[in-house]
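Here's the structure, in structure tokens; my notes come after.
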Amino acid sequence: MSHETNRRGWLTAAGASVAGLWLAACDKITENPRSAAVLKSAEGLTRRAQRLVVDRKALAPEFPATAISPDFKPNGSTNPDDPDYVAQRDKGFADWRLVVDGLVERPLSLSLADLRKLPARTQITRHDCVEGWSSIGKWTGARLGPLLDQAGLKPTARYIVFHCADMLEETLDGTGQYYESLDLIDAYHPQTLLAYDMNDRPLPVPHGAPLRLRAERQLGYKQAKYVMRLEAVADFAHISRGNGGFWEDRGYEWYAGI
Ligand SMILES: Nc1nc2c(c(=O)[nH]1)N[C@H]1C(S)=C(S)[C@@H](COP(=O)(O)O)O[C@H]1N2
Ligand SMILES: [Mo]
């Protein structure tokens, strides 16, 4: 056996065992037959790419309560003027609903009380804005993975799109509406939440009331506020300007890893 063949054999074995670990650690994703196909093809990736895949499962750092920023900066939209949103806000979000639709078996319409009954997580994490500031906050919310399992993703679903209430830029065609998207690795990450509490109180309006995304492995602009609707899609080319998010449509990276 030549040296090269040896090396390739070893790489394949290493790749297979890493994929096996991932499989064991992530039964939710692998319930999806399409993910099994992705895993199978992942065995053919280079070791460097494998490591990248595995790293995406790692947890973002969490901090003690003493580290919480007393003055977490609100940024971007801080008080949406959309009439439907304003009406909901003025009723204390009493009949507000989160819509879950697109490529799901069971479309959902969830009240805040429904969301509070779902599997929850609390985490104290650092929010890093691309503008160069960071703040530490405590977030409690419904874990996105179990919520998606309740809706039942169709095998063709590859991304979750988060549609928001606010228009951040006035455009004639409506492409100024804030939105974001995650792939299923981040959607099923244990620290990915739809947060309804910040620092032990209901999420305030400047920070995205009544519900915002926390996807802790990525930059601030991925943390969609004022989330009204989740849409499971096969691709996002047809949404807004096609790049998967408001800031992505204006040149920022879709995968904003930190
Ligand atoms: N709906 C919506 N979500 C948004 C934004 C926004 O303008 N609208 N701004 C983003 C940016 S750039 C950052 S840094 C964070 C700010 O979150 P904060 O207001 O809680 O600090 O929200 C992100 N999510
Ligand atoms: Mo940001």
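Once backbone amide H atoms are built at 1.01 Å from N, Ala120 has Arg143 as its partners under 5 Å, excluding neighbours fewer than 5 places away on the same chain.
Setting aside same-chain residues fewer than 8 positions from Lys57, which aspartates and glutamates have a Cα under 13 Å from its Cα? Cross-link targets: Asp27, Asp183, Asp186, Glu216. Distances between placed amide hydrogens fall under 5 Å for Val130 paired with Gly220, Tyr221, all partners being 5 or more residues away or on another chain.
Rounded to the nearest whole Å², what accessible area per residue is found for region 120-258 with the 1.4 Å probe?
Accessible area per residue: 35 Å².
Close amide H partners of Asp197, meaning residues 5 or more places away or on another chain with modelled amide H under 5 Å apart, are Thr140, Leu203.
Annotation: Phe72 carries an accessible surface of approximately 20 Å², with a 1.4 Å probe and no ligand, DNA or RNA atoms counted.
Counting only residues at least eight positions apart within a chain, or on another chain, the aspartates and glutamates with an alpha carbon under 15 Å from that of Lys117 are Asp149, Asp197.
Could you please state how large a percent of the accessible area of region 164-239 is carbon and sulfur, counting protein chains only and using a 1.4 Å probe? Display every interim value, and only then the final one.
Working: 1320 of 2370 Å².
C and S atoms contribute 56 percent here.
The string of couplings for region 172-188 from the Karplus curve (6.51, -1.76, 1.60, θ = phi - 60°) is 5, 9, x, 7, x, 5, 6, 7, 8, 8, 10, 7, 6, 5, 6, 4, 9 Hz, one whole number per residue in order, with x for Gly and Pro. Couplings for region 232-247, taken from phi via the Karplus curve 6.51 cos²θ - 1.76 cosθ + 1.60 with θ = phi - 60°, read 8, 9, 7, 7, 10, 4, 8, 9, 6, 8, x, 9, x, x, 4, 6 Hz in order; Gly and Pro are left as x. Backbone phi angles across region 77-83, fed through the Karplus curve with coefficients 6.51, -1.76 and 1.60 (θ = phi - 60°), yield HN-Hα couplings of 5, 10, 6, x, 9, 4, x Hz in residue order; Gly and Pro are listed as x.
The values are calculated or read from the model by the stated rules, or taken from the named source; none is laboratory data. Values in this document were obtained by computation on a predicted structure and should not be read as measured data. Areas reflect the complete protein model, heavy atoms only, side chains present, ligands, DNA and RNA absent. Shrake-Rupley method; radii C 1.70, N 1.55, O 1.52, S 1.80 Å.
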